[in-house]
Protein chains: 4
Amino acid sequence: MEKKTLLTHCCDKPGLIAKITNICYKHQLNITYNSEFVDNTTGQFFMRTELEGYFNDTTLLADLKQALPEGAKYQLASAQRKRVVILVTKESHCLGDILMKNFDGSLDVDIAAVVGNYDHLQALTERFGIPFHCVSHDDLTRAQHDTQMLEVIEQYQPDYLVLAKYMRILSPDFVEHFPYRIINIHHSFLPAFIGAKPYHQAYERGVKIIGATAHFVTSNLDEGPIIKQDVIPVDHTSNAKDMAQAGRDVEKNVLSRALSKVLSDRVFVQGNKTIIL
Amino acid sequence: MEKKTLLTHCCDKPGLIAKITNICYKHQLNITYNSEFVDNTTGQFFMRTELEGYFNDTTLLADLKQALPEGAKYQLASAQRKRVVILVTKESHCLGDILMKNFDGSLDVDIAAVVGNYDHLQALTERFGIPFHCVSHDDLTRAQHDTQMLEVIEQYQPDYLVLAKYMRILSPDFVEHFPYRIINIHHSFLPAFIGAKPYHQAYERGVKIIGATAHFVTSNLDEGPIIKQDVIPVDHTSNAKDMAQAGRDVEKNVLSRALSKVLSDRVFVQGNKTIIL
Amino acid sequence: MEKKTLLTHCCDKPGLIAKITNICYKHQLNITYNSEFVDNTTGQFFMRTELEGYFNDTTLLADLKQALPEGAKYQLASAQRKRVVILVTKESHCLGDILMKNFDGSLDVDIAAVVGNYDHLQALTERFGIPFHCVSHDDLTRAQHDTQMLEVIEQYQPDYLVLAKYMRILSPDFVEHFPYRIINIHHSFLPAFIGAKPYHQAYERGVKIIGATAHFVTSNLDEGPIIKQDVIPVDHTSNAKDMAQAGRDVEKNVLSRALSKVLSDRVFVQGNKTIIL
Amino acid sequence: MEKKTLLTHCCDKPGLIAKITNICYKHQLNITYNSEFVDNTTGQFFMRTELEGYFNDTTLLADLKQALPEGAKYQLASAQRKRVVILVTKESHCLGDILMKNFDGSLDVDIAAVVGNYDHLQALTERFGIPFHCVSHDDLTRAQHDTQMLEVIEQYQPDYLVLAKYMRILSPDFVEHFPYRIINIHHSFLPAFIGAKPYHQAYERGVKIIGATAHFVTSNLDEGPIIKQDVIPVDHTSNAKDMAQAGRDVEKNVLSRALSKVLSDRVFVQGNKTIIL
């Protein structure tokens, strides 16, 4: 008995749920969890179906192809744990949380390597038996640095890249190698405080709540599809540094929860939005 | 074109989603929203299906009966707004919120009447053009009072009773007339602080968070299935009276949100729990 | 025995708390609640002192003047309830919440009048025995309309104006009449989604949290000092209209809480920020 | 220049703030942060004063003794980081969070040692260069085990003990060694679900929110003064195991925040409650 997850995304048509679940039933696959969503604004249908049984992928996908409308996307995701490479700079809290959650099994992921543009987090990473690569950006153009990063990363063939407080902007060329496969944590409640030093901006504006946003990276800075956001209250006693410190827990929690959704094949992207089933 | 909601609850079996959605498809009913849940602990299947089209209720229900396992419960709920009677004592905040939400259309419900064991809220209720009945409990046994309440209530044939800070305990006999059709707001985060004066209990215990719980009323006091809960932080500066005041917003918000779920046929009851689809 | 609140705001100097509390002690005034804050970035000192006793305002203020640094602001606020005028357009939820909270005593305020640019909320207001004025903006320039509004408002000599979903932009001239005395509720988590249709903007951006912001109105649209903010989670199932509906509870709760702080003389303004003691 | 924190707790009397701040002023100590609280129910006065300057502890404390009412408690806490010993069993998430926060400087504490009744967390602890002791409870009575624990712990002379998911009940004898110096994280929103398996209890009751509580340990199980609580929403899709997993983030966040308050001398205990200044 195997477990796989069927992900379907197509134009909405009457009878789609019946058609897809009929095919599963005919293949003697048991549906252990199912959820679907129709976006009435765009007329798009999304369905995520956890299946259990003996899979004949070829005939199952062929049956689906025949039943679904032209242009449908569908995919059988295996239950195998995903492989990620984590990019960092100097701050440890997001990396540390992922390492600890991987250690205790609450984030089921294969951390292939950690790559930093500084070596500050090398010792911490290696304590957990994970390879660390430092790719300094000193004396390099962005393009040169991104190329070197890419070489290091690609040897690990990751399913996803995780930017765990990686404080450099990636070039569009780099991003194109991993479409909707790079997850970033931004230290503000986007779209408030786009760009650099969001906590300083928040302090200047005198906000009473600060937040963090996990999103897919696209070539538009801080504009990619949002996966998860959360906030905490602050008040007049917090300066920008206090806010940054208070924000750390939110950042790491938001990133971990977003990762957990992505790694369990729950996140669809449509336009600039996510549908999470 | 009509809109109805099909609610299905039965033992889980392979192929149930396919069977039910096939029947809808065969009846040329369009599924505009669907959600289902399988409780793996109890092996129970729950499905809520919003349908649009021309309904032949008799043949549809007959087809379902044949397709579903023995003992299945299924029901076609009309999109008609539900009729409620609200029970109150002296406090106005929960009643007031329901009246205001009904006024602005954000809670789509037919408030048939308000019944109080005091007349404190008569003027407020009548300002909104809704009949108010005062059924004093003075000089009456609980059984006598409940009987009088029942007489007043039953003339309105309500779908649900809403206890909006009705501060008396209802007798099991009364409750039996409205199985899982009485919604109460309890002013604590149940099961903490069961019984009388929960804010005093909370103050005595020195908690840092207080809450409110909306639940169906059963014959076990404060033990019925929970529909919705929410909380707010408090600190050492709050005494019991401050907590009660701070709790009012939570109480009214929790009750309104619970009502909104119940009134849109989203709440299934299984054992002492709710499944909200 | 009277109760008053002393508000002090000046440059920070050593010994300020001692000086101020000594003066209160000398005047045989009992401090029932005291809080202070020093903003280290700007070197400003803020203190709010609730006093009980027999007040000789003249000598007390004279003693303070002598003790405090040049340019200090200090004020003895009476415990008398504040008088407000509420401005509205068509939406009732914020007005309704204030009316209900005033009715049950949880917002201790004298609502002198409600003024709308439409008459939609006249009947509701009058049910609570409060005068309503409709000042239509039809065929008027902004300046003309603001002048007419001002005439109506000024007859009530309000301490504060409350914009309870008043959907027009006030002219700088109008705002200057009420410096830091106009409280607005903006239906987004500022500074995200400044300007019109914030829920549409939020939907377009695909955010996972929406919010509301209560702030003082200055001549810079949506840029005045923030008093209170709160948020609720949303997801892909919410369209812009759903978000607006879900946002109503947050809007009304945030506005009421901000009002409660302002009306109890807890809010200092410094630059574009609030200090809430 | 040194920094110290003055903590004062006594019966409320008129003029206390003036007296204490006068003494500080006379000693040429600058107050950088001050907060006070009067509990009107019990008539107790609490004040926490952060001071900067050149301290003569003996004369300062003598002056305070003379000025404060009989029976006053007052204490000059040094700004030195506190020393803690952490007790664990098998679960790593709370220990891991403290280790990571200590690593990145966001929790300023000296972790003298970790002591477990199992050795599961030895390797993790030692990766961070911290001594680990395993004191197995096999074949020991509770009294014997507690005595062995005590011996190991006392060699480190800790200011506080932190129970980071230490899943054994400590004997009153053990607790008496560390009055209000043991901080525990309980995996429920106390007083709901006291005792063993709170997540199972929560699942059985069908709650919609779960929580965690950090509290001082007294000889009454789960009844000590609460320092910090927080919650997260759950729904019908969570079984007891899911709730336990979801609760981990809350547990670790609540414990870290409570520790942060205790370690910065902000927490007063009065009766069975905490006052946090």
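Would you check which residues across the stretch A:105-135 are modelled with pLDDT under 95 and under 19 Å from A:Val254 (Cβ atoms) and list them?
Correct list: A:Ser106, A:Leu107, A:Asp108.
Does any residue in the stretch C:245-272 that is closer than 19 Å to C:Ser92 by Cβ and outside the structural domain of C:His9 (by TED's automatic domain parsing) come within less than 7 Å, Cβ to Cβ, of a residue that is of a type in the set (A, V, I, L, M) and assigned to a helix (DSSP H, G or I) six or more places away or on a different chain, and which pairs are these?
From the stretch C:245-272, the pairs are C:Ser256/C:Ile98.
Report, by residue number, each residue of the stretch B:53-67 that is surrounded by 12 or more Cβ atoms within 10 Å (Cβ to Cβ) and charged (D, E, K, R).
Selection gives B:Asp63 alone.
Quick grid of which residues meet (1) under 22 Å from D:Ile232 (Cα atoms); (2) touching a strand residue (DSSP E or B) at 6+ places or on another chain (Cβ under 8 Å); (3) surrounded by fewer than 18 Cβ atoms within 10 Å (Cβ to Cβ):
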site: A:Leu221; (1), (2), (3): no, no, yes
site: A:Gly224; (1), (2), (3): no, yes, no
site: A:Thr237; (1), (2), (3): no, yes, yes
site: A:Ala240; (1), (2), (3): no, no, yes
site: A:Ala244; (1), (2), (3): no, no, no
site: A:Glu251; (1), (2), (3): yes, yes, no
site: A:Val254; (1), (2), (3): yes, yes, no
site: A:Leu259; (1), (2), (3): yes, yes, no
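Test D:Ala192 against the criterion of being of a type outside the set (Lys, Arg) and in contact with a Pro (Cβ under 7 Å, 6 or more places away or on another chain), and give yes or no. Outline the logic, then answer.
On the way: of a type outside the set (Lys, Arg): yes; in contact with a Pro (Cβ under 7 Å, 6 or more places away or on another chain): yes.
Judged against the criteria, D:Ala192 is a match.
Which ones in the stretch A:109-127 are more than 20 Å from the chain's Cα centre (by Cα) and within 23 Å of A:Val262 (Cα to Cα)? Explain how you work it out, then say what you get.
Taking the stretch A:109-127 and keeping what is more than 20 Å from the chain's Cα centre (by Cα), we get A:117-127.
Matches in the stretch A:109-127: A:Thr125 only.
Within the stretch C:203-227, can you find the residues that are under 15 Å from C:Ala192 (Cα atoms) and either part of a strand (DSSP E or B) or among the β-branched types (Val, Ile, Thr) (or both)?
C:Val207, C:Ile209, C:Ile210, C:Gly211, C:Ala212, C:Thr213, C:Ala214, C:His215, C:Ile226
Could you tell me whether the stretch A:243-257 includes any residue that is modelled with pLDDT under 95 and within 8 Å of chain C (Cβ to nearest Cβ)?
No, the stretch A:243-257 contains no residue that is modelled with pLDDT under 95 and within 8 Å of chain C (Cβ to nearest Cβ).
Of the residues in the stretch D:11-22, how many are more than 8 Å from every other protein chain (Cβ to nearest Cβ) and not charged (D, E, K, R)? Talk me through it step by step, then tell me what you get.
Keep residues of the stretch D:11-22 that are more than 8 Å from every other protein chain (Cβ to nearest Cβ), which gives D:11-13, D:16, D:19-20.
If we keep only those that are not charged (D, E, K, R) as well, we get D:11, D:16, D:20.
Final tally of qualifying residues: 3.
Assuming B:Ala18 fulfils every condition listed in (1) buried (at least 20 other Cβ atoms within 10 Å of the Cβ); (2) assigned by TED's automatic domain parsing to the domain that holds B:His137; (3) without any contact (Cβ under 8 Å) to a residue 12 or more places away in the chain apart from one, which condition is it?
Condition (2) is where B:Ala18 drops out.
Does C:Gly271 qualify as being surrounded by fewer than 17 Cβ atoms within 10 Å (Cβ to Cβ), within 19 Å of A:Tyr203 (Cβ to Cβ), within 11 Å of another protein chain (Cβ to nearest Cβ) and small (Gly, Ala, Ser)? It would help to see each step written out before you state the result.
On the way: surrounded by fewer than 17 Cβ atoms within 10 Å (Cβ to Cβ): yes; within 19 Å of A:Tyr203 (Cβ to Cβ): yes; within 11 Å of another protein chain (Cβ to nearest Cβ): yes; small (Gly, Ala, Ser): yes.
It is true that C:Gly271 is surrounded by fewer than 17 Cβ atoms within 10 Å (Cβ to Cβ), within 19 Å of A:Tyr203 (Cβ to Cβ), within 11 Å of another protein chain (Cβ to nearest Cβ) and small (Gly, Ala, Ser).
What is the number of the single condition among (1) of a type in the set (Ser, Thr, Tyr); (2) assigned to a loop (DSSP other than H, G, I, E, B); (3) surrounded by 20 or more Cβ atoms within 10 Å (Cβ to Cβ) that B:Thr125 does not meet?
Condition (2) is where B:Thr125 drops out.
Return the total of residues in the stretch A:71-92 being in contact with a Ser or Thr (Cβ under 7 Å, 6 or more places away or on another chain) and surrounded by 20 or more Cβ atoms within 10 Å (Cβ to Cβ).
Qualifying residue count for the region: 0.
Please go through the stretch C:248-276 and pick out each residue that is under 14 Å from the mean Cα position of the chain (by Cα) and among the aliphatic types (A, V, I, L, M).
Those that are under 14 Å from the mean Cα position of the chain (by Cα) and among the aliphatic types (A, V, I, L, M): C:Val254, C:Leu255, C:Ala258, C:Leu259, C:Val262, C:Leu263, C:Val267, C:Val269, C:Ile275, C:Ile276.
Has the stretch C:154-163 got at least one residue that is free of Cβ contacts under 8 Å to residues at least 40 places away in the same chain and not assigned by TED's automatic domain parsing to the domain that holds C:Asn22? Steps first, please.
Step one: list which residues in the stretch C:154-163 are free of Cβ contacts under 8 Å to residues at least 40 places away in the same chain, which gives C:154-155.
Now narrow it down to the ones that are not assigned by TED's automatic domain parsing to the domain that holds C:Asn22: C:154-155.
Within the stretch C:154-163, one or more residues are free of Cβ contacts under 8 Å to residues at least 40 places away in the same chain and not assigned by TED's automatic domain parsing to the domain that holds C:Asn22.
Which one of these does A:Tyr25 not meet: (1) surrounded by fewer than 20 Cβ atoms within 10 Å (Cβ to Cβ); (2) farther than 23 Å from B:Asn22 by Cβ?
Here A:Tyr25 meets the rest and fails (2).
Restricting to the stretch D:160-186, count the residues that are buried (at least 18 other Cβ atoms within 10 Å of the Cβ) and not aliphatic (A, V, I, L, M).
So the first thing to find is which residues in the stretch D:160-186 are buried (at least 18 other Cβ atoms within 10 Å of the Cβ), and the list is D:160-166, D:170, D:174-175, D:178, D:182-186.
Still in the list and also not aliphatic (A, V, I, L, M): D:160, D:165-166, D:174, D:178, D:184, D:186.
Residues in the stretch D:160-186 being buried (at least 18 other Cβ atoms within 10 Å of the Cβ) and not aliphatic (A, V, I, L, M): 7 in total.
Restricting attention to the stretch D:173-230, report how many residues are more than 14 Å from every other protein chain (Cβ to nearest Cβ), within 20 Å of D:Arg248 (Cβ to Cβ) and small (Gly, Ala, Ser).
Of the residues in that region, 1 qualify.
Working only within the stretch D:103-114, note down all residues that are surrounded by fewer than 22 Cβ atoms within 10 Å (Cβ to Cβ) and closer than 19 Å to A:Asp104 by Cα.
First pass over the stretch D:103-114, keeping only residues surrounded by fewer than 22 Cβ atoms within 10 Å (Cβ to Cβ): D:103-110, D:112-113.
The answer is D:Phe103, and nothing else.
Only strands (runs of 3 or more DSSP E) wholly contained in the stretch A:23-108 count here; list those with 1 or more residues that are over 23 Å from the mean Cα position of the chain (by Cα) and more than 14 Å from chain D (Cβ to nearest Cβ). Steps first, answer last, please.
Working: elements: A:30-39, A:44-53, A:73-78, A:82-88.
Because the criterion is at least 1 residues that are over 23 Å from the mean Cα position of the chain (by Cα) and more than 14 Å from chain D (Cβ to nearest Cβ), the strands (runs of 3 or more DSSP E) in the stretch A:23-108 that meet it are A:30-39, A:44-53.
Restricting attention to the stretch D:110-146, which residues are of a type in the set (S, T, N, Q) and in contact (Cβ under 8 Å) with a residue 24 or more places away in the chain?
Kept after step one, since they are of a type in the set (S, T, N, Q), are these residues of the stretch D:110-146: D:117, D:122, D:125, D:136, D:141, D:144.
Passing the criteria: D:Asn117, D:Thr125.
Taking the stretch A:155-179 on its own, how many of its residues are over 18 Å from A:Asn117 (Cα atoms) and touching a Leu at 6+ places or on another chain (Cβ under 8 Å)?
3
Being in contact with a helix residue (DSSP H, G or I) (Cβ under 8 Å, 6 or more places away or on another chain) and part of a loop (DSSP other than H, G, I, E, B) is the filter; apply it to the stretch A:1-21 and report the residue that is farthest from A:Phe55 (Cα to Cα).
A:Pro14
Name the single residue, out of those in the stretch A:28-50 being closer than 16 Å to A:Ala79 by Cβ and surrounded by fewer than 21 Cβ atoms within 10 Å (Cβ to Cβ), that is modelled with the highest pLDDT.
Checking each candidate, the answer is A:Glu50.
Yes/no matrix, rows are residues, columns are (1) farther than 30 Å from C:Glu91 by Cβ; (2) assigned by TED's automatic domain parsing to the domain that holds B:Lys241:
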| residue | (1), (2) |
| --- | --- |
| B:Gln28 | yes, no |
| B:Ser35 | yes, no |
| B:Gly53 | yes, no |
| B:Asp57 | yes, no |
| B:Lys73 | yes, no |
| B:Val88 | no, yes |
| B:Ser106 | no, yes |
| B:Ala112 | no, yes |
| B:Asn117 | yes, yes |
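Please go through the stretch A:38-64 and give me each residue that is closer than 12 Å to A:His9 by Cα and free of Cβ contacts under 8 Å to residues at least 40 places away in the same chain, ordered by number.
A:Val38, A:Gly43, A:Phe45
The values are calculated or read from the model by the stated rules, or taken from the named source; none is laboratory data. All figures in this text were calculated on a predicted structure; none of them were measured in a lab. Here the Cβ is made from the backbone with ideal geometry for all residues, glycine too, and neighbour counts use every protein chain on show.
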